[in-house]
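Notes follow the structure.
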Amino acid sequence: MKILVCVKQVPDMESRFRPDAAGVWYAETDLAFRVNEYDEYAIEQAVLLKEQLGGEPEITLLSVGPDRVVEAIKKGLAMGADRAVHVQDPASHLKDPFQIASIIAAYARGEGFDLIFTGMQSLDRGSSQVGVALAEMLGYPCATTVVGFEYADGTVTVKRELEGGVKGMVRLTAPALVTCQLGLNQPRYPTLPNIMKAKKKEVNVIPVEQLLKQEARLVLTRFRAPAKKGGGVVLEGDVADQVDRLIGILKDKTAVLR
Amino acid sequence: MKALLVGECRDGKLLEHSHELFGFASQLGAETAMVLIGSEGALPSYGGTVYLADASKYGEYNPDLHKRLVQAAVEREKPDYVVFMHTSYGWDLAPRVAALLQAPQVSEVVALAEGGFERPCCSQKMRQVVQAVGSPVVLTLQGGAFPAVVPGGTPQQQPLDVDGKGRGEFLGYEAAARKGVDLSRAEIIVSAGRGVGKKENLPVIAELAKVLGGEVGASRPVVDSGWMEAGAQVGVTGQTVSPKLYIACGISGAIQHLAGMKKSGFIVAINKDRDAPIGEVADVLVVADVMQFVPALTAKLAK
Ligand SMILES: Cc1cc2nc3c(=O)[nH]c(=O)nc-3n(C[C@H](O)[C@H](O)[C@H](O)COP(=O)(O)OP(=O)(O)OC[C@H]3O[C@@H](n4cnc5c(N)ncnc54)[C@H](O)[C@@H]3O)c2cc1C
C-alpha cells in the first residue's frame, strides 16, 4: 500500500504580518515557519494507519515550496513518514490552489497512491481547495473535514464534521483522498531517535517547472490588515493598572459587577 | 451579469444561511437563479428560477452527483458566477464544481473590493484581494459576511436530473455530543483558549468564573486536546452563546469561534497579541499574558 501526505509550511499565526514588496502577500522577514496544523493531523493519521497495518504501507510526504520547507519535511519524516518529495518552488505563494493541486497531481499520477491525506485547509491561505481539487484531478473519491478515520480491506469509513457538532458518516473505496480536520487525532512529537533516523531518509527534489502545466486562474492584487471596526478599548501596560481599569469599565458598562 | 446560487438543504429543510446568497447577489448587482438538491418543501420564497433536484433520489450528501447537477444547471443558465456558502457543504462541493467547469474559485469571500473579492487569510488576521481569470467564477461566501435577504415570491421550478450514482456512500448523520452545562443560558462565561498553555492552568480560568458567578467555556483546541469536555466548546461546531459578559482568555478569535459568541452582550478578550482578530469583536482587549492577568483580576474581584 502506498500513502501520500501533502504538507504545507506556514508562518506562526501569532506573528505580525506585513505586506511584501509587491503588496500581494506577506513579507517573510522575521516570520517563524512551522508545519500547517491541519497537515499534522494528516501525517499522524497516515502513521497511525501504518502502525495499524503492521508497518506495511509506505508513506511519502510531499511539500511544494521554497528551500525552507525542508524543515517541515524533516518533521514529517521524524513523525514516521518513510520518504519525501520536495517540489522546489520559490514562488509557490503566487500559485493558486488549482495550480498547486495540479503540481501535486502531476507527481502523484504515475505513483498509484492508495490513500492520500491532506489538511482541510492551510492556516495562511485557507482556501480549502487543494485537497479536493487534487482528488478531482486524480479521479479519486474524497471526503473533507474528517474528524474520524477507519480503514479495513480497502474501505475507508470517515466522520465528516458538519455545523453544530453534527457529523456525517461516509464510506469510500480506495484509492481515496481525505482532508483532515482539528480533533482527528493527537499528533505525536518526534522522538530524538526518530529525528536521527529521519536524517537518513530519502528526499527527492523536483523543480516545479517539471510538474507545473497550468496557468493561474487567480491573481492576488492586495494584502492588508482588515479595516479596524474601532470602538473597542485596548488596555496595555502594567497588570495591576489593567485590572483596575477593566473593573472600572465593567462597573460602568455592564450590570454584572455590583 | 448572472449568478447561480447553490442553496443547501439538511433534513429536508433549506438552511437559513442560504438566504445570504441573495444578499450577496444583490450587492454584486447580478440576476439570479438557484439550484437546490432538496424538495418542494425546502423551496425559498423567491420569484426566480429554481432548478430543483430531488434529495430523496440523489441524497443530501452525494458530491459526485451534486456536482453534476450543479453543472447541468450551469449549462442551462450560463452564469458568470456560481455561488456557495463556505460551509461543510460548500467547501466540499465548490472545488469539485470548479474542477469540472475548469473554473477559478475564490473561497470564503467577505466583501467585494477593488474589482475583485476580499477574503480573510493568515487565520483571519489579514485580508487579501483576489481577482479571477476566466468564467464562470466559483465563489464560497463566509457565513454572516453578507446580509440574509428573503426576496419573496414563488419560484418557477425547473426539474433537474442526471444519470448514474456517486462513488462514496453516505451512511447517515451522527447527532452532536451534548453533555455538561448548557452554556446557552449562562449570563457570564469565561472561556479558555489554547493561549492558556496547558491543562494544569485551567483552574485559573475556573476561579475567575467562580468569583464572577459564571460558567467556563472553551475554544476548540482546548477540547480537542482533552483538557475540557466537548460540551464546553463554543463556536460553529460547539454551542452558540449570548451571555451578558464573555471573557475570552488566550483565544485568537477564529471565525468559527466568533460564530458562537459574538452575540454576547459585552466581550472582554485577554490576549498577549495586540493584533489577534478577537480584537475585532471585543469591547475591551487586555493585552497581557493570561497567566499574569487573570489571577490578578480574580484576586481583586474576590476582595
Ligand atoms: C470547520 C471548522 C470548525 C471549527 N469549529 C470551531 C468551534 O466550534 N469553536 C472553536 O473555538 N474553534 C473552532 N474551529 C477552530 C478555529 O478555526 C480555531 O482553530 C480555534 O478557535 C482556535 O482556538 P484558540 O483561539 O484557542 O487557539 P489559537 O488560534 O492557537 O489562539 C491562541 C491565542 O492565544 C494567545 N496567547 C498565547 N499565549 C498566551 C498567553 N500566555 N496569554 C495570553 N494570550 C496568549 C495567542 O496570541 C493567540 O491569539 C473550527 C475550525 C474549522 C475549520
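Miscellaneous remarks
- Residue within segment A:39-46 that is away from every other protein chain (no Cβ under 14 Å), within 16 Å of the ligand (Cβ to nearest atom) and of a type in the set (Asp, Glu) present: yes
- Candidates are the residues of segment A:167-185 that are at the interface with chain B (Cβ under 7 Å from one of its Cβ atoms) and in a loop (DSSP other than H, G, I, E, B); the one that is nearest to the chain's Cα centre (by Cα) is A:LEU182.
- Among the residues of segment B:209-230, those identified as part of a helix (DSSP H, G or I) and over 21 Å from A:TYR38 (Cα atoms) are B:ALA209, B:LYS210, B:VAL211, B:LEU212.
- The numbered conditions (1) in a loop (DSSP other than H, G, I, E, B); (2) among the hydroxyl-bearing types (Ser, Thr, Tyr); (3) away from the ligand (no atom under 14 Å from the Cβ) are all true for B:THR237 except (3).
- Here B:VAL290 meets each of (1) at pLDDT below 95; (2) surrounded by 19 or more Cβ atoms within 10 Å (Cβ to Cβ); (3) more than 25 Å from A:LYS167 (Cα to Cα) with one exception, condition (1).
- Pair list, Cβ under 7 Å, 6 or more apart: segment B:257-281 residue within 14 Å of B:ALA186 (Cβ to Cβ), other residue near the ligand (Cβ under 7 Å from one of its atoms): B:GLY260/B:VAL234; B:GLY260/B:GLY235; B:GLY260/B:VAL236; B:GLY260/B:GLY238; B:MET261/B:VAL234
- Residue selected from segment B:194-220 under the condition crowded, with 22+ Cβ neighbours inside 10 Å, within 12 Å of chain A (Cβ to nearest Cβ) and within 13 Å of the ligand (Cβ to nearest atom), by the criterion farthest from A:ASN185 (Cα to Cα): B:GLY195
- Here is the figure for segment B:174-193: residues that are facing chain A (nearest Cβ under 8 Å) and either touching a Lys or Arg at 6+ places or on another chain (Cβ under 7 Å) or more than 20 Å from A:LEU162 (Cα to Cα) (or both) total 3.
- Selection status of A:ALA22, over 21 Å from B:GLU108 (Cβ atoms) and surrounded by fewer than 22 Cβ atoms within 10 Å (Cβ to Cβ): yes
- With respect to the conditions (1) more than 7 Å from every other protein chain (Cβ to nearest Cβ); (2) at pLDDT 95 or above; (3) at negative phi, A:ALA227 lacks only one, and its number is (2).
- The residues on offer are B:VAL83, B:VAL97, B:VAL106, B:VAL74, and the sole one that is in a helix (DSSP H, G or I), in contact (Cβ under 8 Å) with a residue 24 or more places away in the chain, surrounded by 23 or more Cβ atoms within 10 Å (Cβ to Cβ) and of a type outside the set (S, T, N, Q) is B:VAL97.
- Residue in segment A:188-201 that is of a type in the set (Ser, Thr, Tyr), under 25 Å from A:LYS2 (Cα atoms) and out of contact with any strand residue (DSSP E or B) (no Cβ under 6 Å at 6 or more places or on another chain) present: yes
Residues checked against (1) more than 30 Å from B:LEU43 (Cβ to Cβ); (2) of a type in the set (Gly, Ala, Ser); (3) loosely packed, with under 15 Cβ neighbours inside 10 Å:
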site: B:SER123; (1), (2), (3): yes, yes, no
site: B:PHE146; (1), (2), (3): no, no, no
site: B:PRO159; (1), (2), (3): no, no, yes
site: B:LEU183; (1), (2), (3): yes, no, no
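- The criterion of at least 2 residues that are within 15 Å of the chain's Cα centre (by Cα) is met by the following strands (runs of 3 or more DSSP E) wholly inside segment A:103-164: A:115-119, A:142-152.
- Under the condition of being in a helix (DSSP H, G or I) and farther than 21 Å from A:ARG68 by Cβ, the residues counted in segment A:187-214 number 5.
- Each residue in segment B:247-303 was checked for being more than 10 Å from chain A (Cβ to nearest Cβ), polar (S, T, N, Q) and within 11 Å of the ligand (Cβ to nearest atom), and 0 pass.
- Scanning segment A:10-38 for residues that are more than 12 Å from every other protein chain (Cβ to nearest Cβ), in contact (Cβ under 8 Å) with a residue 24 or more places away in the chain and at positive phi yields nothing.
The values are calculated or read from the model by the stated rules, or taken from the named source; none is laboratory data. Quick caveat: nothing in here was measured; it's all calculated off a predicted structure. All Cβ positions, even for glycine, are placed from backbone atoms using ideal geometry, and neighbour counts span all protein chains on display.
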